[in-house]
Amino acid sequence: MKLTERNHPEAGRRWPRSVFGVGTEPDPRFTFANERTFLAWIRTALALLAAGISLDTFVTKFPEALRTAVSILLVLTGAACGGLAYRRWMASERALRLNKPLPAPVIAPVLGYGVVLVGVTFAVVLLVRR
């Protein structure tokens with residue numbers, strides 16, 4: 001049964017309506033799993049933000065320009081991860097409600113390439129410094 005304000009008084013009050021205003025209620029286990037995945041991406045985003053801020057604040061052994069560049073890369077990757085996590089949660093929840101396939105994970109390559117870029121940058125710097 002489609003969830004409408006007529007058959008469920010809370011339907012019109014749930015936000016975002018682009019997610020909750022369509023389809024039918026999925027099994028709560030799937031909704032909770034989607035929420036746990038969202039929270040895991042948010043934890044990852046927070047860790048990247050903290051790493052970028054900590055690197056810029058506390059690490060003094062690397063040249064300032066490099067430290068700043070890598071810090072900015074970490075912070076931007078964290079910010080992208082957080083924004084894309086919400087987008088992914090919405091798209092997945094909507095797909096669950098419409099009984100459609102889940103969307104492809106856009107966030108994984110952003111995070112993967114961002115971390116690889118940071119790692120390679122530091123590896124090159126460490127090799128050059130020796």
List the residue pairs whose Cβ atoms are under 6 Å apart, where the first residue sits in the stretch 52-72 and is farther than 12 Å from V125 by Cα and free of Cβ contacts under 8 Å to residues at least 60 places away in the same chain, the second is of a type in the set (S, T, Y) and surrounded by 12 or more Cβ atoms within 10 Å (Cβ to Cβ), and the two are 6 or more positions apart or on different chains.
G52/S71; L55/S71; D56/S71
Yes/no for A108 being in a helix (DSSP H, G or I), at pLDDT 95 or above and not charged (D, E, K, R):
no
Would you check if there is a residue in the stretch 2-18 being assigned to a helix (DSSP H, G or I), among the charged types (D, E, K, R), within 26 Å of the chain's Cα centre (by Cα) and at pLDDT below 90?
yes
Does the stretch 63-72 include one or more residues that are over 13 Å from the mean Cα position of the chain (by Cα), at pLDDT below 90 and not in a helix (DSSP H, G or I)?
yes
Return yes or no: is T37 closer than 30 Å to L127 by Cα and either modelled with pLDDT of 95 or more or surrounded by 12 or more Cβ atoms within 10 Å (Cβ to Cβ) (or both)?
no
Got a number for residues in the stretch 72-114 being among the polar types (S, T, N, Q) and surrounded by fewer than 18 Cβ atoms within 10 Å (Cβ to Cβ)?
1
Got a sec? Which of T44, T121, T57 is surrounded by 12 or more Cβ atoms within 10 Å (Cβ to Cβ), in a helix (DSSP H, G or I) and at pLDDT 90 or above?
T44
Is there any pair with a first residue in the stretch 106-119 that is farther than 21 Å from F38 by Cβ and a second that is surrounded by 11 or more Cβ atoms within 10 Å (Cβ to Cβ) whose Cβ atoms are under 7 Å apart and which are 6 or more apart or on different chains, and what are they?
L117/L73; V118/V70; V118/L73; V118/L74
Selection status of E64, under 30 Å from T24 (Cβ atoms) and of a type outside the set (G, A, S):
no
Between G114, G82, which is touching a Ser or Thr at 6+ places or on another chain (Cβ under 6 Å) and either among the hydroxyl-bearing types (S, T, Y) or outside any loop (DSSP other than H, G, I, E, B) (or both)?
G114
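The values are calculated or read from the model by the stated rules, or taken from the named source; none is laboratory data. Not measured: the values here are computed from a predicted model. Positions of Cβ are backbone-derived with ideal geometry, glycine not excepted, and every protein chain shown enters the neighbour counts.
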